[in-house]
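Inspection log for the structure reproduced underneath, given as structure tokens.
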Amino acid sequence: MLFHARPFLQTILAMKLTIAFLFFAALQSQARGFSQNITLTEKNAPLIKVFRAIEKQTGLVFFFDEAQLAQAHPVTIAVTNVSVRQALEACLLNQPLTYTLVGENIVISTKSSLVFASKPPAPDIKGRVTDEQGNALSGASVQVKNSGNGTQTDAEGRFSLQAAAGAILVVSYVGYTSREVNLKGYSGLLVVALQPLRDTAADIVVIAYGAVRKKDLTGAVAQIKSEDLTSYPATNMIQSMQGRAAGVQVKQNNGAPGAAISVRIRGTNSILGGNEPLYVIDGFPYSGNPTFLQNADIASVEILKDASSTAIYGSRGANGVVIITTKSGKRSGKNSVEAEAGFTLQQVNKKMKLLTPGQYAQLYNEQAVNDGVAPYFTQQQVDSLYKTPDTDWQNLVMHRAPLWFTSVTVNGGNEKTRFSLSNGIFRQQGIIHNSDYNRYSLRFNINHDISKVFNIAYNATLTRITSNRKNADRGNRGSDIYSGMLVAPPTLSPYLADGTYRRLTTAYPFISNALANPVLLMNETSDYIKADRVFTNAALLIKPVRDLSIRISGGLENSNDRTDQYSTIQPINSSVGNANVITNQLTSFLNENVVNYNKTLKKHRIDATAGFTYQDYVSTSLSGSGSGFLSDVIGTGNLGAAATPGIPASGYSKWVLLSMLGRINYNYSDKYLLTVSFRRDGSSRYATNNQWSNFPSAAIAWHLSNENFFPRNSVLNDVKLRSSYGVSGSAAISPYQTLNQLSASYTTFGDAIYSALAPGTTLPGNLKWETTHQLDAGIDATLLNNRLHVTADFYVKKTKNLLNRVQLPASMGYTNTLQNVGEIQNKGIELGLDATVLQRAVNWTVSANISFNRNKVLKLYEGQDIYGQSIYTGSLNDFVNLLREGQPLGVFYGYEEKGYTATGNIEYVDRTGEGAISNADKTYIGNPNPDFIYGFNSVTTWKGLSLTVFIQGSQGNDIFNLNKASTLDMGMGLNQPQDLFYNHWASDKTNAAYPKISRNINGNMSNRFVEDGSYLRLKNIQLAYNLPLKKTNNNGFKSAQVYISGQNLITITGYSWYDPDINAYGGSNAVEQGIDYYTYPTSKSVTLGIRCGF
């Protein structure tokens, strides 16, 4: 056959050009397909499900034969922002399939069975993959790095594959951090333990009446994990919250074991009402502070801060809500045991430097000369006292004190039943002799699926608390243990030669008649409390149809306290034996009926909640007393044995709260989130016309990173913007305060005494609810390949209709009345960070938070100031704190010192120019509110070692140090700070810190006592070692850790007294803040402990 060459060559050229064009077009399409990044998380999923997920994210289309996929194994994969090629290689690892990318299509085909000549096979590597507790991880991926060689673990976590010596294995599992293992020097069975991956966006966060993924939150919620609460021994979980969450200020009132702690979430809201947050335990509101819980029982703590989160709690949500979830069993079918035991040694943070005997005698001789009287000590006595060892009253009263704690928790369950059982013992001796705090806890919860429709749950916590408390009466001139310890003369011992107690008030003619022997008070007075706490609840969960659940629950809270106070017979202080017994009982019943509907329709997800609640609260009290006992043996055992019985007293109080609530959460395509809630509360505390109030809220969030236009890169991975506004409230008054109450008394007619009832002195008013309106705007972001998580919030919170007492003219017949007097505003900024700094052989994670809050009194009744209580120190008697329009809450108000007069007396600034000092010359001299508070936590692990460092602090707050009031109270024989001896006024030293030594000093509440209370504290440092149990083939233990830790070891501060983290008059009140005045000192400690898992 003949043919022309030219047409043939043209045809070949055209074919080549066509092939080249198609090739380059395919390359371009392939480049576009491969350039996309995808994120996948699947566990034991069919391969077709993974393909569909890739199609959804990329727009690529898979072509395959279903018979081919039937040969494929289930896929376990966890990748973030990887290319399509990397995702496909991970999916098809160890599968009999391969892929080809053609244009916008991915063609799946069977791998070729051709065998090529290769090097001799590498040796078999055998190993096992486990979690951090030694449990097998089935389906984990084990791959030789930079090769296609890999496998998956079997049901027991075991694997076997060929790999050359010196190769690197990459081990990964869904939900865990991948590890690289160098096989150089490998021999025997290789065991690889993976650590859980902290995916904070997928964390489940407990909120009011439910739980959501953290990524779906529309409100401001902080979460504290169990490991943070148990990182060091604390008397209760409230102490452990300090520094852990932005916007949460935790301040101890004193250092006594079991002492009260003040918590403020985003500032102070109320004057008369409480300012402590509401605590909700396993879904049930608790009436006080949950000090009965042991930290080891707590799984997590969520802190609800903005109105959209708290408004559904209505009249109890204004101060924030702390949701506590206790540990529970799991459906794993395996039982687990967690045990911890530890021993702690405590001692006072520091000792105060006080006068020596010689300095004491010399100083008071100088005072006598300045006041024109004869010296109290001869020069020979002074010289002798300089050689005499002093009586260290601090050492006599305080000591190194032990603390023991132990807890055991058993968790277990199967597909139908889950349970958790725990018990714990916490025994703390205080650093003050004869003071202690002991807690014995038993907790049980069970959850059982009766069927697919019905589920029942039961929780119970039983706690016995005993404590021998040493008074913190803030006594003046040494009248209590703490002031006596600091002002008792160093020249006197606590005992006389015959072993009896010394009476300090008669030791010198110039000494205070209020001064008590602190050792006598410590040993011969007792204040013993025994408290029983029962907190129990049960719930029936009904799921009649899909997506709908009905929860009917009831809870009971019961508290029984008995306090026994006794002072022994002591002739030296005229005590004839005094006994006092006080009992208190509190019972609260709560019924909640909540319906939840959860439905997903394509891109729409709706979660609706509605409910009705009823709470009944009853409190009773009874007390009796007596004095004049024949023997101390009787004590408080028989008040009838007293020569002079006291008048018994009793009390009763009841209130009821009815509520209706509802909430809707709407999610569109994981991009746009909306939350709307409403609650209507009715309280028996208010008059009929004001018993009901409404508390609405709304919040929106935009998941910006889920938008198609959001750039996919390794710097900014996830962004969510959110905003909320809502109203919450506070009842703020006790029951019956809107009624005209009658008071019991006695009256005399003739020679007879009659009981009587008379109207009280408070005029009842038409009171309204306190309401708090809050606006919040926040952002949640994840950066640097999910290694950095940032949360930031800005809020403005305004409380209206503040309740407080208003003075009335005497002509009205009433002295005061309750009224809604004004408004307070809090606004601030909060910032929280969580970062994974290193993730190699050494793992290092850090978390930090900082919060700024500014409060201001906006409005008061007719602009009238509200004063704090007057404090009497012996030489001073005045209030310290003030509420005034336009000023921060509780500012220090007093006189400003100008210097000293020519004779060494204190000179004050005459602000009125009247030539005399009066109340009108007072001004603002300090602010107890901090500029900001912060916390920083660092955890570094290497092999079996773990180092945890936790730093916490406060900046910019002032402290009114009334402990120094004694320095203006000369002539009473009180011991003094040593600095006074060296730095007081004299004719040749006029620029001194203290005035002339004289009993005639004109002292006032002034800026002399205001100190900077800023501090930075090493709150906890812990070094732990996880024992290598796998090497010992000990099957009885899953984990064992020994640790040593130190608490409060270092505090950097300029404050001169024991501790800047103090609030002597703290509590629920809003006025008396930032004052330090003769309180139980705080301690630092070292702990040795062990944690085990079975």
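Does residue 1045 satisfy the condition of being farther than 28 Å from residue 402 by Cβ and either assigned to a strand (DSSP E or B) or of a type in the set (S, T, N, Q) (or both)?
no
Residue 771 - would you say it is under 22 Å from residue 219 (Cβ atoms), part of a strand (DSSP E or B), of a type in the set (Ser, Thr, Tyr) and touching a strand residue (DSSP E or B) at 6+ places or on another chain (Cβ under 9 Å)?
Spelling it out, residue 771 is indeed under 22 Å from residue 219 (Cβ atoms), part of a strand (DSSP E or B), of a type in the set (Ser, Thr, Tyr) and touching a strand residue (DSSP E or B) at 6+ places or on another chain (Cβ under 9 Å).
Using beta carbons and a limit of 7 Å, which pairs, at least six apart or on different chains, have the first residue in the range 217-235 and touching a residue at least 12 places away in the same chain (Cβ under 8 Å) and within 26 Å of residue 317 (Cβ to Cβ) and the second one aliphatic (A, V, I, L, M) and part of a helix (DSSP H, G or I)?
From the range 217-235, the pairs are 229/237.
So the check is Cβ under 8 Å with 6+ separation or different chains; which pairs have a first residue in the range 29-45 that's at positive phi and a second one that's modelled with pLDDT of 50 or more and in a strand (DSSP E or B)?
Sorted first by the residue in the range 29-45, then by its partner, the pairs are 44/75; 44/76.
Under the condition of being in a strand (DSSP E or B) and among the aliphatic types (A, V, I, L, M), which residue from the range 334-355 is nearest to residue 974 (Cα to Cα)?
354
Answer yes if at least one residue in the range 149-156 is in contact (Cβ under 8 Å) with a residue 40 or more places away in the chain and acidic (Asp, Glu), and no otherwise.
The answer is no, given that none of the residues of the range 149-156 is in contact (Cβ under 8 Å) with a residue 40 or more places away in the chain and acidic (Asp, Glu).
Would you please name the residue that is surrounded by the fewest Cβ atoms within 10 Å (Cβ to Cβ), looking only at residues in the range 835-877 that are aliphatic (A, V, I, L, M) and closer than 30 Å to residue 819 by Cβ?
By that ranking, first place goes to 858.
So in the range 912-939, with the set limited to residues that are under 32 Å from the mean Cα position of the chain (by Cα) and aliphatic (A, V, I, L, M), which one is farthest from residue 846 (Cα to Cα)?
925
Of the residues 656, 676, which is within 30 Å of residue 597 (Cβ to Cβ) and without any contact (Cβ under 8 Å) to a residue 40 or more places away in the chain?
Just a single option satisfies the conditions, and that option is 676.
Tell me, yes or no, whether the range 728-743 has at least one residue that is assigned to a strand (DSSP E or B) and more than 28 Å from residue 314 (Cβ to Cβ).
yes
Residue by residue, here is whether (1) under 30 Å from residue 883 (Cβ atoms); (2) at pLDDT below 90; (3) hydrophobic (A, V, I, L, M, F, W, C) holds:
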site: 987; (1), (2), (3): no, no, no
site: 990; (1), (2), (3): no, no, no
site: 997; (1), (2), (3): no, no, yes
site: 1017; (1), (2), (3): yes, no, no
site: 1020; (1), (2), (3): no, no, no
site: 1027; (1), (2), (3): no, no, yes
site: 1030; (1), (2), (3): no, yes, no
site: 1052; (1), (2), (3): no, no, yes
site: 1085; (1), (2), (3): no, no, no
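Can you name the residue in the range 140-186 that is surrounded by fewer than 19 Cβ atoms within 10 Å (Cβ to Cβ), under 42 Å from the mean Cα position of the chain (by Cα) and among the small types (Gly, Ala, Ser) and, of all such residues, is modelled with the lowest pLDDT?
So, considering only residues that are surrounded by fewer than 19 Cβ atoms within 10 Å (Cβ to Cβ), under 42 Å from the mean Cα position of the chain (by Cα) and among the small types (Gly, Ala, Ser), the one modelled with the lowest pLDDT is 175.
If I filter the range 779-794 for residues that are closer than 24 Å to residue 271 by Cβ, in contact with a helix residue (DSSP H, G or I) (Cβ under 7 Å, 6 or more places away or on another chain) and surrounded by 12 or more Cβ atoms within 10 Å (Cβ to Cβ), do I get at least one hit?
No, the range 779-794 has no match at all.
Okay, residues lined up against (1) farther than 25 Å from residue 782 by Cβ; (2) in contact with a helix residue (DSSP H, G or I) (Cβ under 8 Å, 6 or more places away or on another chain); (3) of a type in the set (A, V, I, L, M):
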{"site": "54", "(1), (2), (3)": "no, yes, yes"}
{"site": "57", "(1), (2), (3)": "no, no, no"}
{"site": "63", "(1), (2), (3)": "yes, no, no"}
{"site": "72", "(1), (2), (3)": "yes, yes, yes"}
{"site": "76", "(1), (2), (3)": "no, no, no"}
{"site": "81", "(1), (2), (3)": "no, no, no"}
{"site": "85", "(1), (2), (3)": "no, yes, no"}
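Would you confirm whether any residue within the range 978-988 is assigned to a helix (DSSP H, G or I), over 29 Å from residue 1047 (Cβ atoms) and not hydroxyl-bearing (Ser, Thr, Tyr)?
yes
Can you tell me which residues in the range 241-281 are charged (D, E, K, R) and farther than 16 Å from residue 1067 by Cβ?
244, 266
Specify which of the listed residues (468, 434, 411) is within 30 Å of residue 548 (Cα to Cα) and either in contact with a Ser or Thr (Cβ under 7 Å, 6 or more places away or on another chain) or in the same structural domain as residue 345 (by TED's automatic domain parsing) (or both).
When all the criteria are applied, what remains is 411.
If residue 609 passes every condition in (1) modelled with pLDDT of 95 or more; (2) farther than 30 Å from residue 637 by Cβ; (3) over 29 Å from the mean Cα position of the chain (by Cα); (4) hydroxyl-bearing (Ser, Thr, Tyr) but one, which one does it miss?
(3)
Determine the pairs where a residue that is on the phi > 0 side of the Ramachandran plot, located within the range 300-329, has a partner that is of a type in the set (Phe, Trp, Tyr) with Cβ atoms under 9 Å apart, the partner being 6 or more residues away or on another chain.
Qualifying pairs under 9 Å: 314/695.
Restricting to the range 410-434, name every residue that is under 23 Å from the mean Cα position of the chain (by Cα), assigned to a strand (DSSP E or B) and among the small types (Gly, Ala, Ser).
422, 424
Strands (runs of 3 or more DSSP E) wholly in the range 857-945 with at least 2 residues that are under 21 Å from residue 271 (Cα atoms) - which ones?
870-872, 877-879, 881-883, 891-894, 923-926
Check the range 367-376 and report whether any residue there is small (Gly, Ala, Ser), over 32 Å from the mean Cα position of the chain (by Cα) and part of a loop (DSSP other than H, G, I, E, B).
Yes, that holds for at least one residue.
Okay, residues lined up against (1) over 26 Å from the mean Cα position of the chain (by Cα); (2) modelled with pLDDT under 85:
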residue: 702; (1), (2): yes, no
residue: 705; (1), (2): yes, no
residue: 713; (1), (2): yes, yes
residue: 724; (1), (2): no, no
residue: 763; (1), (2): yes, no
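Among the residues of the range 447-477, write down those that are β-branched (Val, Ile, Thr) and under 30 Å from residue 522 (Cα atoms).
Across the range 447-477, the qualifying residues are 463, 465, 466.
Read through the list (1) free of Cβ contacts under 8 Å to residues at least 40 places away in the same chain; (2) assigned to a strand (DSSP E or B), then give the number of the only condition that residue 845 fails.
(1)
Going residue by residue through the range 190-212, is there one that turns out to be part of a loop (DSSP other than H, G, I, E, B), at pLDDT below 80 and of a type outside the set (D, E, K, R)?
yes
Would you be able to say whether some residue in the range 654-667 is small (Gly, Ala, Ser) and in a strand (DSSP E or B)?
Yes, the conditions are met somewhere in the range 654-667.
Residue 996 is checked against (1) outside any loop (DSSP other than H, G, I, E, B); (2) touching a His at 6+ places or on another chain (Cβ under 9 Å) and fails just one. What number does that condition carry?
The single condition residue 996 does not satisfy is (1).
Name the pairs whose Cβ atoms lie under 6 Å apart, with the first residue in the range 539-555 and without any contact (Cβ under 8 Å) to a residue 24 or more places away in the chain and on the phi > 0 side of the Ramachandran plot, the second part of a loop (DSSP other than H, G, I, E, B) and surrounded by 14 or more Cβ atoms within 10 Å (Cβ to Cβ), and 6 or more positions between them or separate chains?
none
The values are calculated or read from the model by the stated rules, or taken from the named source; none is laboratory data. Just so we're clear, the structure is a prediction, and the values are computed from it rather than from any experiment. Every residue, glycine among them, receives a Cβ derived from its backbone with ideal geometry; neighbour counts consider all protein chains shown.
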